[in-house]
Structures are given as C-alpha cells and as structure tokens.
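Just so it is clear, none of the values below were taken in a lab; they were calculated from the coordinates. Values in this document were obtained by computation on a predicted structure and should not be read as measured data. Positions of Cβ are generated from backbone atoms using ideal geometry, with glycine treated the same way; all protein chains shown enter the neighbour counts.
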Amino acid sequence: MKDTNQFEIIIIGGSYAGLSAALALGRSLRKVLVIDSGKPCNRQTPHSHNFLTQDGKTPKEIATVGREQIANYKTVEFYQGLAVEGVKTANGFAITTHENKTFVAKKLIFATGVRDIMPDIDGFAECWGISVIHCPYCHGYEVRNEKTAILGNGDYGFEFSQLIHNWTKSLTLFTNGKSTLTNEQTSLLQKKTLKFTRAK
Ligand SMILES: Cc1cc2nc3c(=O)[nH]c(=O)nc-3n(C[C@H](O)[C@H](O)[C@H](O)COP(=O)(O)OP(=O)(O)OC[C@H]3O[C@@H](n4cnc5c(N)ncnc54)[C@H](O)[C@@H]3O)c2cc1C
C-alpha cells in the first residue's frame, strides 16, 4: 500500500511564499505537502496594496485565490496545523505536527516568513498593520496628509523622516530616548517644515 504520509517535498508555511513554491512544484508534477498554521504576518492589515493585480484586496482574498489555483494541481496537498518538530532521516526529513502526525519527504522548504517583534508600547501590537504601519509603500497612501508619528532614531529616523515627508508634512519624530541624530540631521529636518518637531 502507498504511504500517504510520504511526499517528495514538504513546504512549511502556506502563505504567499509557500504557495508560490507549491504552484511551481505542482506544475512540475511533484508530490507536495504544504503545512500551514494560518498566521501570516500581515493578517491584521485590512487591505494589501502595491501588489499588481491585487491592490486593495484583503490578505486572505489573495491567499484564497492562490490556494484555489493550486487546487488544480492534484499532486499538491494541504495540512492545516503547526509543524513542531523536524528530524533528518536517512532519506530526507520527518516533520511532526502539533497533532502528532508525522510526514516524510526527501526535500524540505521553509516558507515560515518572519516574526515581527513589537516594542513594549501599550496598544502597539493591537494596532499593527492598522494604524501602526511599517511600510509607506503598502499603506502610506491611505494615510496621506494625516498627522503622523515616526518611531525611530539616528540615521534610520532621519532617513525615514525624509522619506515619509512626501506623504505628509505633519510629522513628529519620536526618538524614545536621547536623540542620536547629528546636529546637521536635526537642523535639516527642522528646516524642511516648521511642523517638523523632534520629541526629546
Ligand atoms: C502588517 C503588514 C502589512 C503588510 N502589507 C503589505 C502590503 O500592503 N503589500 C505588500 O506587498 N506587502 C505587505 N506586507 C508584506 C507581506 O505581508 C509579506 O511580504 C508576505 O506576507 C511574506 O510572505 P511569506 O509567505 O514569506 O510569510 P507570511 O505571509 O508571514 O506567512 C508565513 C506562513 O508560515 C506559517 N508558519 C510559520 N511557522 C509555521 C510552522 N512551524 N508550521 C506551519 N506553518 C507555519 C504561518 O502561519 C504563515 O501562514 C505586509 C506585512 C505586514 C507585517
């Protein structure tokens, strides 16, 4: 009998990166398992932007279309859950899930994304992707000309302030501690607009 837990490739993480790998491998007639715990980094954001053909869609809509298209490739299977353990075997890898199911494959792809580490500021994590924004190209347009605070210091705070100035002139740079901007950087920012203030 054929072992249903045996695959050529296991992909851990079934968001955009994992689904992209699954699509290419499905089209290559490879027997693939995608293990996904369903917690992509952008899950709190109401809409995605700056992604051609997908502008304004929710993160979930984009992933759903991806999964639907991959479902056409019958050699790709999905498992919803968390991969909690992996071991190297003589022929590849064995991956165990939170339900204690084990799957084996010759090759392994990690598409687990990154974990954003939030600063210890009340409400920051709850607002992540909604009103606390990490990428001006993804979400800056929606809050253009709004009163905006930048959390940053030193060269990063300086460069980012200059960049964001194109979306809004009402900016405050919070250095959260002693400013490490040079005097030249500080006066350049202050010259840019009178509304430009620097929190001490
Ligand atoms: C708040 C926010 C808003 C964003 N907005 C935009 C935007 O508007 N436009 C844009 O182009 N980009 C945007 N991005 C960036 C975009 O979301 C990422 O580039 C993209 O999600 C990365 O895809 P990924 O597949 O590498 O990782 P992720 O999307 O983070 O997916 C990783 C997947 O792996 C799974 N996983 C992790 N560990 C395991 C495990 N052990 N077992 C099983 N599954 C596991 C997770 O559950 C998750 O589903 C945004 C990012 C954030 C944080």
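Here are the numbers for this structure:
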item: For Ala24: the one exception among (1) within 12 Å of the ligand (Cβ to nearest atom); (2) among the hydrophobic types (A, V, I, L, M, F, W, C); (3) not in a loop (DSSP other than H, G, I, E, B); result: (1)
item: Count - residues of segment 68-106 that are more than 24 Å from the chain's Cα centre (by Cα) and either within 12 Å of the ligand (Cβ to nearest atom) or of a type outside the set (S, T, N, Q) (or both); result: 15
item: Long-range neighbours under 6 Å by Cβ, at least six apart or interchain, first residue in contact (Cβ under 8 Å) with a residue 24 or more places away in the chain and small (Gly, Ala, Ser) within segment 25-50, second near the ligand (Cβ under 6 Å from one of its atoms) and part of a loop (DSSP other than H, G, I, E, B); result: Ser37/Leu82
